[in-house]
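Chemist: Mind looking over this structure? Questions follow.
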Amino acid sequence: MDDGRRRTLLGWAVVLVVAVAAGALLELLGVPSAALFGGLVAGLGRALLGRTRLRLPRAAGLGAQAVIGVSIGALVQTDTLRTVAEHWLPVLAVTVATLLVSLAAGQLMRLQRGISPVTGAFSMIAGGASGITAMARDLGADEQVVAVLQYLRVLLIVVAMPVVATTVYGASSGSGAVPADDGPGWPAGLLFTVVCGVVGVVLGRLSRLPVGSLLGPMAVAAVLDLTGGSQGAGVPDLVEAAGFLAIGLQVGLGFTRDSLRVVGRALPLALTLIVGAVAACAGLGVVLSRTAGVSLLDGYLATTPGGLYAVLATATGSGADATFVLAVQVLRLFVMLFSAPLLARLLRPRGG
C-alpha cells in the first residue's frame, strides 16, 4: 500500500471516529438529526484543517439519499391519509400557503451576496431539512449554505416550541414521547430498506425522476406502507443514523473558507427571515384551527415548519391530536420535497 492511499485511509478513519463521537454527544444533548450534525462537524473540521481534501464516494452519497428517502416514506400511514381526506381543503390550502411563505423568504434570502435564487429557496423551504439537504447539490444549490440554514431553523423551532406550546397555547408541560413501535424487528426493517432503496433508485432512473435516488425510494416506501406490504417495518436506527452521518460528511467535507464566510455573512438576514417564516406559519396554524375545527394547539403543532419528531413528542405529551398533527406535517413534507426539483428548474438561470 502506497503512502498516499495509507494517508487517505487514515484520514477517513479519523473523520469517521470524530463524526460518530460528535453524533453520540449531540444525541445526548437532544440535538435533532444528531448523526447528520456529527458528520457535518467532522467533515467541516477536516475540510478546514486537513492538508488534503476527502470526498465522500458517490455510491455512499446515493445510498444515504436512498436511506433518507425510505425513512421519510415510511412516515405515511393509512390514518394519515384518512385524516387529510377529512380536512382536505383547509389542510391543502395551508400547505400551499406554507410553500408560498417559503418561496417569499427564499427570494428575500437571495438579496444576500453570494446566495443564488435556488440556494435561497432551498435554505428557506419549511420542512424536510434532511431531504432538502440531501438533494441540494444535485439540484444546483449550495449544499453548505442550505444545510446550515435549514438546521438553524430546526434548532430554533425545537428550542422554542415547548415554551410557545406551554405559555401561548396552554399545553401541559409533560415531557411525553412518541410511542415506540418496534415493528417486526430490525431484519425485516433492513430488508424493507434495501428493497425500497434498490427498487426506488431503479424506478427513479427509469422514469428520469429528478433526485430519483431520494424521491424514488420515498415513493416506494410510502406505497408499501399504504398497501400493507411493509408489515410495519421501518428503517433500522443504525442504518438511518449511517445515512444521516454520510449526508453530514458530504456537506461538511465540501466546506471551504470562502463558503464559511458566505454562511457567516448570511446569518443575520437568515435569522430574521426564519423568525418571520415561523411566525407566519403560526398564523397559518390559527387559520387551520378555525377552518378545520381543531384546537389552536393542534393548528400550531401541525404547521410548525420543522422538527417533526420533536413536534410529535410535544403533541403526544400535551394531549394534542397527534394523528392530525402528523397528517398535516407529512403532507407538507411530501409537497415540499416533490416540489423542490420543479422549483430548482424555475429558479435556475436559463442555460444554468
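The values are calculated or read from the model by the stated rules, or taken from the named source; none is laboratory data. In this text, all values refer to a predicted model and were calculated from it rather than measured experimentally. No Cβ is skipped: glycine too gets one built from the backbone with ideal geometry, and neighbour counts run over all protein chains shown.
Chemist: Conditions: (1) farther than 30 Å from Gly299 by Cα; (2) under 20 Å from the mean Cα position of the chain (by Cα). Val17 meets all but one. Number of the miss?
Modeler: So the condition that Val17 fails would be (2).
Chemist: Which one is farthest from Met135 (Cα to Cα) among residues in the stretch 220-238 that are hydrophobic (A, V, I, L, M, F, W, C) and buried (at least 23 other Cβ atoms within 10 Å of the Cβ)?
Modeler: Looking at the filtered set, the residue picked out is Ala233.
Chemist: For the stretch 68-97, which residues satisfy the criterion of being under 20 Å from the mean Cα position of the chain (by Cα) and within 30 Å of Leu238 (Cβ to Cβ)?
Modeler: Of everything in the stretch 68-97, those that are under 20 Å from the mean Cα position of the chain (by Cα) and within 30 Å of Leu238 (Cβ to Cβ) turn out to be Ile68, Gly69, Val70, Ser71, Ile72, Gly73, Ala74, Leu75, Val76, Gln77, Thr80.
Chemist: For the list (1) without any contact (Cβ under 8 Å) to a residue 40 or more places away in the chain; (2) under 19 Å from the mean Cα position of the chain (by Cα), I need the number of the one condition that Arg58 fails.
Modeler: For Arg58, the exception is condition (2).
Chemist: Can you find a residue that is at pLDDT 90 or above and of a type in the set (S, T, N, Q) anywhere in the stretch 317-326?
Modeler: Checked against the condition, which is being at pLDDT 90 or above and of a type in the set (S, T, N, Q), the stretch 317-326 yields no hits at all.
Chemist: Given the criterion part of a helix (DSSP H, G or I), surrounded by 24 or more Cβ atoms within 10 Å (Cβ to Cβ) and not hydroxyl-bearing (Ser, Thr, Tyr), identify the matching residue among Gly131, Gly127.
Modeler: Every option except Gly131 fails the conditions.
Chemist: Moving on. Thr119 fails exactly one of the following numbered conditions: (1) in contact with a helix residue (DSSP H, G or I) (Cβ under 7 Å, 6 or more places away or on another chain); (2) surrounded by fewer than 23 Cβ atoms within 10 Å (Cβ to Cβ); (3) closer than 15 Å to Ala344 by Cα; (4) modelled with pLDDT of 90 or more. What is the number of that condition?
Modeler: So Thr119 meets the others, but not (2).
Chemist: For Ala42, indicate whether it is within 19 Å of Arg55 (Cα to Cα) and in contact with a Phe, Trp or Tyr (Cβ under 6 Å, 6 or more places away or on another chain).
Modeler: no
Chemist: Any idea which residue in the stretch 258-281 is surrounded by the fewest Cβ atoms within 10 Å (Cβ to Cβ), counting only those that are in contact (Cβ under 8 Å) with a residue 24 or more places away in the chain and more than 19 Å from Val148 (Cα to Cα)?
Modeler: Going through the qualifying residues, I end up with Ala280.
Chemist: Answer yes or no as to whether Gly212 is closer than 18 Å to Ser130 by Cβ and in contact (Cβ under 8 Å) with a residue 24 or more places away in the chain.
Modeler: No; evaluated as a whole, the condition is false for this residue.
Chemist: Among the candidates Leu301, Leu245, Leu249, Leu288, single out the residue that is touching a Pro at 6+ places or on another chain (Cβ under 9 Å), surrounded by 24 or more Cβ atoms within 10 Å (Cβ to Cβ) and in contact (Cβ under 8 Å) with a residue 12 or more places away in the chain. Explain how you work it out, then say what you get.
Modeler: Details: Leu301 fails: touching a Pro at 6+ places or on another chain (Cβ under 9 Å); Leu245 fails: touching a Pro at 6+ places or on another chain (Cβ under 9 Å); Leu249 fails: touching a Pro at 6+ places or on another chain (Cβ under 9 Å).
Residue meeting the stated conditions: Leu288.
Chemist: Would you point out which residue out of Leu108, Leu100, Leu156, Leu152 is closer than 16 Å to Ala270 by Cα and either over 17 Å from the mean Cα position of the chain (by Cα) or modelled with pLDDT of 90 or more (or both)?
Modeler: So the residue among Leu108, Leu100, Leu156, Leu152 that is closer than 16 Å to Ala270 by Cα and either over 17 Å from the mean Cα position of the chain (by Cα) or modelled with pLDDT of 90 or more (or both) is Leu108.
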